[in-house]
Amino acid sequence: MRPKKILHATDYSAISEAALRTAGELAREHGAILVILHVVETLGPEKLTYGEVSQPQPEAYRQRLWREIHQVRPQDSQTHVEYVLSEEDPVTAILRTAEKLGCDLIVLGTHGITGWRRWFLPSVAEKVVRRATCPVLVVKPPRESEPLQPFQGNDLHPGYLVEKEESGAPESVP
């Protein structure tokens with residue numbers, strides 16, 4: 001797979017930064033365009049600050065949004081970047097942006113909801129993975145790995161078999 005256009009959706013969090021690093025590296029390696037999307041509540045005048053009220057509305061607010069999103073940059077300054085602001089719900093915005101701009105890979109961070117909450121509150125990343133028409137790479141936040149539970153295999157249930165090319169026969173691996 002050689003992506004030509006990679007979509008990265010950001011919420012400006014540390015988890016998004018980790019996904020941006022991965023998206024940026026992939027864009028650099030493949031000479032792809034990196035599309036950075038940020039979803040906002042509105043692009044209209046509802047969120048104007050006091051200082052922006054005296055300026056043409058909602059242009060002052062939008063200028064602030066553009067300044068904020070342009071702070072999100074891949075490490076390689078040679079990577080071609082396109083920026084998108086959307087006021088749709090995050091899942092729809094990601095899917096629509098990928099479709100409209102012809103993105104062939106989506107790179108997202110995930111907050112890693114686990115347990116029962118995952119069943120009742122599916123994450124944006126999970127919803128995008130289920131509905132996207134192109135591959136989706138989900139980047140987990142860095143964390144310490146938890147040790148695996150030991151497995152005590154036996155002859156009947158070895159637990160883990162590996163077929164090595166040179167022998168051609170499955171071997172049990174401790």
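Amide H to amide H under 5 Å from K4: which residues, 5+ apart in sequence or cross-chain, H placed 1.01 Å off N in plane? For K4, whose amide H was placed from the backbone, the distant partners under 5 Å are D104.
Cα centroid distance between region 145-160 and region 53-109, in Å? Region 145-160 and region 53-109 have Cα centres spaced 46 Å from each other.
In summary, the aspartates and glutamates within cross-link reach of K127, defined as a Cα separation below 14 angstrom excluding same-chain residues under 8 places away, comprise D89.
Here the 3J(HN,Hα) profile of region 147-162, calculated from phi with Karplus coefficients 6.51, -1.76 and 1.60 at θ = phi - 60°, is x, 7, 5, x, 10, 9, x, 9, 4, 7, 10, x, x, 7, 10, 10 Hz, Gly and Pro shown as x. With the simple spin-label model, which puts each label point 7 Å out from Cα in the Cβ direction, the H111 to E41 separation comes to 1.6 nm. Once the C-beta distance of R96 and R143 is scaled by a Förster radius of 25 Å, the resulting FRET efficiency is 0.20 to the nearest 0.05. For Y83, the residues 5 or more places off, or on other chains, whose built amide H falls under 5 Å of its own are I36. Distance between the pseudo-spin-label points of D76 and R21 (7 Å out from Cα toward the beta carbon): 1.6 nm.
The HN-Hα couplings worked out from phi for region 28-37 by the Karplus form 6.51 cos²θ - 1.76 cosθ + 1.60 (θ = phi - 60°) are 5, 4, 9, x, 8, 7, 9, 9, 10, 10 Hz, whole numbers, x standing for Gly and Pro. Net length available on complete extension from R62 to K127 is 20.6 nm, with 0.36 nm assigned per residue and the Cα-Cα distance removed.
Bear in mind that the values in this text are calculations on the coordinates, not laboratory data. The model shown is predicted, which means the values in this text are computed figures rather than measured ones. Cβ sites come from the backbone with ideal geometry, for glycine too, and all protein chains shown count toward neighbours.
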